[in-house]
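The structure appears below as structure tokens.
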Amino acid sequence: MDALTGVFCALGVLLLLFAIPLLVDVLPASVGGLLRSKELIHFENTMSLSRERDWSVLLLMPLFVLALAYYRALPSRLLAEGSLWASLAWTALFLLAYFVVRNLCFRLLGPRTDDMRIRQVTGRSIFTFFVLLCMLMLLTYVVMLPFHLPDESITLVFRREIEAMYLIYLIRKGQIIFSYNSIGKTFWYIFTLELLPALALASALIFF
């Protein structure tokens, strides 16, 4: 790891330290959303919690991108063959493109309902699971650190954690949408709002 990368890593850790006071409130409520879909609605209805969650996402994002880039967690040839700085740039670009596509899908194909709580939770609950994912990855990294595992093993663990958290997120989001829609519309919204952006990201990773 070169000096510039060390500075970037130190910055990420510093931002994590700033996030800790927010996470004291955000994490218990986020774990509740992990276990019960109704807790996600309550989370979005509590303005102070959702605001602290949003700030936590911004503070955790640099360290998350660095972790994905350093361990080449996204299966792309560009990430595998390039330098760490190239991997950082491509990882950030892939994630940015994913969230842009996801936002467009939500705005164009999202649920048409007058209940703003439902629109908020279907559009923003992914950030609650992002916070949980970051904490899970950090915890497992600390646990694995004394064992001096090869980078390939850590990469595999990070990938499985991302997949597991995303699957739980899809289940909870499906439960929320199903509470006010038919099962057909529920599958349609899950496909257009979540699976379609994920497939676009997967296609980009395959071809690039």
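The values are calculated or read from the model by the stated rules, or taken from the named source; none is laboratory data. Just so it is clear, the model here is predicted, and its values are computed rather than measured. We place every Cβ from the backbone using ideal geometry, glycine too, and count neighbours over all the protein chains shown. SASA here: full protein model, heavy atoms, side chains in, ligands and nucleic acids out. Shrake-Rupley method; radii C 1.70, N 1.55, O 1.52, S 1.80 Å.
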Return the pair list, or none, for Cβ contacts closer than 8 Å from residues in segment 81-93 that are closer than 16 Å to L201 by Cα to residues that are surrounded by fewer than 16 Cβ atoms within 10 Å (Cβ to Cβ), at least 6 apart or on different chains. W90/F208
In segment 152-208, residues that are open to solvent by 50 Å² or more (accessible area, probe 1.4 Å), at pLDDT 90 or above, aromatic (F, W, Y) and under 16 Å from A73 (Cα atoms) total 1
Does at least one position in segment 61-78 carry a residue that is in contact (Cβ under 8 Å) with a residue 60 or more places away in the chain, touching a Ser or Thr at 6+ places or on another chain (Cβ under 8 Å) and over 27 Å from L93 (Cβ atoms)? no
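Answer yes if at least one residue in segment 49-63 is over 18 Å from the mean Cα position of the chain (by Cα), basic (K, R) and at negative phi, and no otherwise.
To start, the set of residues in segment 49-63 that are over 18 Å from the mean Cα position of the chain (by Cα) comprises none.
Checked against the condition, which is being over 18 Å from the mean Cα position of the chain (by Cα), basic (K, R) and at negative phi, segment 49-63 yields no hits at all.
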Out of segment 66-82, which residues are in a helix (DSSP H, G or I) and either open to solvent by less than 20 Å² (accessible area, probe 1.4 Å) or of a type in the set (D, E) (or both)? L66, L68, A69, L79, E81
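Conditions tested, residue by residue: (1) modelled with pLDDT under 85; (2) over 14 Å from I126 (Cβ atoms); (3) not in a helix (DSSP H, G or I).
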site	(1), (2), (3)
C9	yes, yes, no
L27	no, yes, no
L40	no, no, no
R51	no, yes, no
S56	no, no, no
L63	no, yes, no
